[in-house]
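These notes concern the structure reproduced below.
Laboratory data are not the source of any read-out in this text; all were calculated from the coordinates shown. As the structure is a prediction and not an experimental result, all values here were calculated from the model. Note that each Cβ is placed from the backbone with ideal geometry, even for glycine, and that neighbours are counted across all protein chains shown.
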Amino acid sequence: MSPEQEEEDAACPVCGKTVGLDVMSCPYCGAEFEEEETAAVEIVDESESAECPVCGMMVSLSVSSCPNCGAEFEEEQVEEIIEVEEREVPEKVKTKRVEPREVAFGIPTSIVDFRVIGIALILVGILGAQVAAMIDWYWKWVPPIEDNLAMFVMLPVVVLIIGLLIFMLAKKALAAGGKVPGSAPGLSLSVFLFGIIALIVMLMWNPINSALESSKAGVAGGFLLIFVVGVLLVFMGMRSTSEKRSPA
């Protein structure tokens, strides 16, 4: 078809099909045109069409009803069709980046947390009671503490340094949005605090040794009391955290 012929084509105002400007009726739907209607027909733009939402046939956006199924369009429906045709593909939802301050609630992050103190006391109580109860066996193969105090002091120092390093690494990983076991920060702080308490016990070994010579059962009972206090502190810390999480 020549460009001159394309310019003489127009859209049928009823069915939207392309018809000639010189015809008096639509060869597709049979609609008859009056002279005024023929003069008012605009040259069709094939891109100004959309699918009928009822039957799926392509119809002109200028018509008010579908020539295939007879469905009538309201002005709002025509606007919706146009919006659907021009709608762009939505962008992918971006993953929210966890800010460093958004640390999981309830994870112990302070050495004064009841759970941290409680676990440290539990470790001290278990180890102290076990040593006190089996002190005769330990005296057979363990070097005298008073003659090797520096070596025994280094043991708790190493423990507290390890606990502190693990806590710092876990805190850094959480700040960067990484996955860290929920118990890692609290346990590492408990190990750090246990190292401090163990260091104090080592420095106070002379009075403790004298107490062991007087009453092993009494020293073991004292460490068991520390164990019980630690268990109570853990329960208190868990209860406090549970109350903070529950809605008011």
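Determine, for Arg115, Arg239, the number of other Cβ atoms within 10 Å of each Cβ, and report the residues in order from fewest to most.
Arg239, Arg115
Per-residue HN-Hα couplings for segment 168-185, Karplus 6.51 cos²θ - 1.76 cosθ + 1.60 at θ = phi - 60°, whole Hz, x for Gly and Pro?
Each residue's phi maps through the Karplus curve to give 5, 5, 5, 5, 5, 5, 5, 5, 8, x, x, 8, 10, x, x, 8, 4, x Hz.
Non-local amide H neighbours of Val19 (under 5 Å, H modeled in plane, Pro and chain starts lacking H): which ones?
Ala10, Ala11, Cys12
Three principal axis extents, largest first, for the C-alpha atoms of segment 127-241, in Å?
Principal extents (largest minus smallest coordinate, Cα): 53, 33, 20 Å.
How far is the Cα center of segment 204-235 from the Cα center of segment 112-171, in Å?
13
Amide H neighbours of Ser65 under 5 Å, at least 5 residues apart or on other chains, H built in the peptide plane: list them.
Distant-sequence amide H within range of Ser65: Phe73.
Using modelled backbone amide H atoms (1.01 Å from N, in-plane), which distant-in-sequence or interchain residues come within less than 5 Å of Met58's amide H?
Cys52
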